[in-house]
Each structure stands twice: as structure tokens, then as C-alpha cells.
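Notes for the one structure printed next.
Coordinate-derived values only; no laboratory data. It should be emphasised that the depicted structure is a prediction, and the values quoted were computed from it without experimental measurement. Positions of Cβ are generated from backbone atoms using ideal geometry, with glycine treated the same way; all protein chains shown enter the neighbour counts.
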Amino acid sequence: MDTSDNIKTIKIGNDQFLDHVLSVITYAKKKQIHLRILGSTAVYLNIKDNPRTLALFNSLGRLEHGSSPFSDLDVIAYKKERGKVVDLFEKDLGFIPEQSINAMFGTERNVYHSPANTYDVDIFYSCLNYSHKICWGDSEKDGWLPDDQITIEPGDIVMEKLQIHEINRKDLIDLTLLFINKELTNKKFNYNLLLKHTSEDWGLWYDSLINLDKVLKFSDELRNSGSITEQEYLYVVTNVKTLRNLLENSEKSRRWLRRARKGDSVPWYENVEEIKR
């Protein structure tokens, strides 16, 4: 998962990459592994069936002009299924482990190169631990990964983006598209996991509100440049207001209240240094 602005893209065509992605997830399902897609691929798979948001995904230029919108494949699995995941990628699918990263992160994260070295797979176990730590549980018994879809919940994709302290353009595009697509397709977003984490973690709550304001500003710029319509801008405004109200009005834990007293006088996020591979 690339949290920086460094340009890194897949080395095969987009359609071929997506075919590979779906085959990996399908094979994992046959092995009864809960492997769910994160990141830009998850955004794409959630908006691709609507012609307007698909056109925006392709036209807004998430990455450098002419490059693929996909940098790699990010997935998450339950920590208790790690052994099965390793066997899936190494024994069944023939992926090549990135030894240095896998040795460094152990049971938290593994990176693999595709057999032809045309894309990387970044596998997270139960949690993402970047600007803020967000978790989906350690096993199916206590977990939040959906049973009926190949990506994490759309509301969790929003959470994945909002936790980024130094959010960049491509992530703002992703959030804008998710909010527009939600209204165009009448989708319901499940924000329960986001509200669970933000009611316990003041820093995540604070960065989420800051980033929602950035989404508003960014979508206003897109409207003024003619990249999105007035109605699409209003879709974003509606979703940002709704989510902001949920965040502000949710019941907060004692830990959250204690941390809130310090505010931003002390650091509320972790510094992220992207691992080079």
C-alpha cells in the first residue's frame, strides 16, 4: 500500500490485472480464506458499474497522466488465517515473497510479487497500522470482513482513506467518487466500524473531520473547473455532512474523552514512512 505520492503502477494492462485480482480472490474463497480487497482496486470495483463514476475514475487522473490507476493489489485477511494465506500465495499461486519486508513485519503484513513480476500484492492481517490503527478483528468469529463481497465494506473504504493524516489527491478523488456513486446508485454505507474506532480514538476522529473538510474543498475545486457537475458536488456535500454528524454525535469512550482534553497540543497520529520494495 503506497501512502506516498511516489508513482508506482502495475506492469500489465488494467483488464488483465483485474482478471488476476478476481482469480486470486475466487481461489481464496474456495480455500475458505477471508481475503478482501482494499485501496484503489476496492474503490474501482465499487464504482465501476456506474458509467458516470467510472468515467470520472478514468478522467480525473489519480496518478500520473497515462499511467494505470492501480499501483498494486492491497488485501486484508484475518490474522488467524495467515498460515492459509501464505500457503495460498506461495504454494498454490506461485507468488514470490518479498523476504525483507516479510521478515520485518512478521504476522502483521506480507508482500508478494506476482509470478511474472508485473504487480505486487500487499497483504495485511486484521489491521492497517498507518497514521492510525484500524482493525477488522482476528478471526471470522469476531471479525468485520464481509461474507458476501470481495472488497471491504464501502464505509470501511471511506475509513481507510480518512485515517490518512497527510491525505493526497488520489485519496481525495477516491472519497469524492465513493460519495457521488453512493447517491447515483442508492447504495447504503455501513459506517459502524468507523464509528467504533472513532469513538475510541480521538486522533482518528480528529483526522477524519479534517479530511472530510478537505474532501469538500477538493470537490468544490472540481466543480469550479467543470470536472464534476453542480449536482455531483451537492452529493458530496450531503454525504460529508451526514458522516460528520455521525462522527460528532456518536457516544465517546472514557479513553476518547481523556485524550480529547489534550487536543492537538500533542501529536495525534503516527508518522508514516512508506516501505520501499
For this session: Mind giving me the nanometre distance, one decimal, between the label points for Glu200 and Glu270, set 7 Å out from Cα along Cα→Cβ?
Result: 1.5 nm
For this session: Would you kindly work out the equivalent ellipsoid of region 13-90 from its C-alpha gyration tensor and give its semi-axes, the square roots of five times the eigenvalues, largest first in whole Å?
Result: 27, 12, 11
For this session: Report the full-extension gain for the segment Leu246 to Ser59: residue separation times 0.36 nm, less the Cα-Cα distance, to one decimal in nm.
Result: 64.2 nm
Seminar exercise, completed: By the Kirkwood definition, with r running over pairs of different Cα atoms, region 19-152 has a hydrodynamic radius in Å of 15.7 Å
For this session: Could you work out how far the C-alpha centroid of region 205-271 sits from that of region 41-110, in angstrom?
Result: 26 Å
For this session: Using R₀ = 30 Å, calculate the FRET efficiency as 1/(1 + (r/R₀)^6) where r is the Cβ-Cβ separation of Ser253 and Asn190; round to 0.05.
Result: 0.90
Exercise. Taking 0.36 nm per residue of separation and subtracting the Cα-Cα distance, what length does fully extending Asn102 through Asp213 add?
Worked result: 36.3 nm
Problem set entry | FRET E, pair Cys127, Glu221, Förster distance 25 Å, beta-carbon r, rounded to 0.05 | 0.15
For this session: Under 1.5 on a/c is rounded, so check that first for region 89-130, then, if it is not, pick prolate when a/b is larger than b/c and oblate when it is not; a ≥ b ≥ c are the square roots of the alpha carbon gyration tensor eigenvalues.
Result: prolate
Problem set entry | Average Cα contact separation per residue, the chain, under 8 Å, 6 or more apart, as relative contact order % | 20 percent
For this session: Could you sort 201-208, 14-21, 256-263, 96-103 so that the peptide with the highest average Cβ count within 10 Å comes first and the rest follow in order?
Result: 201-208, 14-21, 96-103, 256-263
Problem set entry | Rough spin-label spacing in nm, given labels placed 7 Å along Cα→Cβ, for Leu22 and Ser67 | 2.7 nm
For this session: Evaluate the relative contact order of region 155-213 (contact order divided by residue number), counting alpha-carbon pairs under 8 angstrom at least 6 apart; express in whole percent.
Result: 49 percent
